[in-house]
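Shown next, in structure tokens, is the structure this report addresses.
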Amino acid sequence: MTVALYALICLIWGSTWLAIKIGLAGVPPFLAAGLRFVLSTLLVGLILAVRRTSLRLTRDDTICVLSAGVLVFWLDYAAVYWAETRISSGLTAILFSTMPLMTSILSAKWTHSETLSGRKIAGILVGVAGTALLFWPHERLGLPQAFGMLATLGGSLCAAINLVMLKKYGRRSDPFVLNFFGMALGAACLLAMSAAMENWRTATWNRSNIQALLYLSVFGSVIAFWAYYYLIKRMDATIVSLTTLIIPIVALALGRAFLHETVTPTAVAGIATVLAGVAVAIMPARKGVGVILAQQQLP
């Protein structure tokens, strides 16, 4: 069962990038993200009601809710959804896979909960080189694409900061309670942002983007989340965290298969280099890092 769930997580979180791209067809990005988390909040709330879980928050819980709600469910997802209106879903997933590298740096320099070993530093440098390769073809890279790539890296940084916050304050917190309040806060911010910046009357709903919205809400934000926590209790945390490397490959393959997204030879080299850098940096990670990765929902 654990092997099946491991594969399921890679497939679901690898496919969410494609689902986001499909869901954005005819729907403004901030509205699409906000509606996703409205539905996810309702589903998690139903789970909490069935479990009869107390919703009382401690001081540390409140810090984690504010961190997740603002940094991840609002800013991170706003950046990712907006970026996918300008760059491919595969490239977005690849750039977002730099999150473990950012988390390692923040953990070492901010909370001093990890050390930057030579292997981690080497991995970070390799990852930076790979990102440079992705930016290399300047003659084919317009400002919209460049801003999309920068937005994805910004979203990755927000997610990394949130992971460090959870590591510091969320050790005793119920992940479902944190995500219930965090997703509710993020949904409210996204919808407020959408109301201020987007014209909802331009949204055109069809079977494809409605199905994508439901898939992201149910599978991408609830089922995969439960499966990840199930695995983290039964497998080595470092092995579970390696899904971070597999997810971009799944996303790239699905984007190529279903959306016919093209990948240049230089981009392929950049992708391989980024993944190699991430692998080198996180392979020696301690169990604590894997556990905290489990507290983060991927797009």
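Using 0.36 nm per residue, how much length does the chain from residue 119 to residue 8 gain when fully extended, once their Cα-Cα distance is taken away? Let's see the in-between values first.
Working: separation 111, 0.36 × 111 = 39.96 nm, distance 3.00 nm.
Separation in residues times 0.36 nm, less the Cα-Cα distance, equals 37.0 nm.
Classify segment 55-119: rounded, prolate or oblate, from the alpha-carbon gyration tensor (a ≥ b ≥ c, eigenvalue square roots; a/c under 1.5 rounded; otherwise prolate if a/b is larger than b/c)? Cα axes put segment 55-119 in the oblate bin. At a probe radius of 1.4 angstrom, the accessible area of segment 151-237 per residue rounds to 47 square angstrom.
For residue 272 and residue 128 in one chain, what is 0.36 nm times their gap in residues minus the Cα-Cα distance, to one decimal in nm? Show your work: numbers first, answer last.
Details: separation 144, 0.36 × 144 = 51.84 nm, distance 1.20 nm.
Extending this stretch completely gives an extra 50.6 nm.
With the biggest extent put first, the Cα atoms of segment 1-93 measure 41, 35, 22 Å across the principal axes.
Summary of the geometry: segment 87-103 and segment 1-32, compared by the centres of their Cα atoms, lie 14 Å apart.
The values are calculated or read from the model by the stated rules, or taken from the named source; none is laboratory data. Here the structure is a predicted model, which means the values were calculated and not measured. All accessible areas refer to the heavy atoms of the entire protein, side chains included, with ligands and DNA or RNA removed. Shrake-Rupley method; radii C 1.70, N 1.55, O 1.52, S 1.80 Å.
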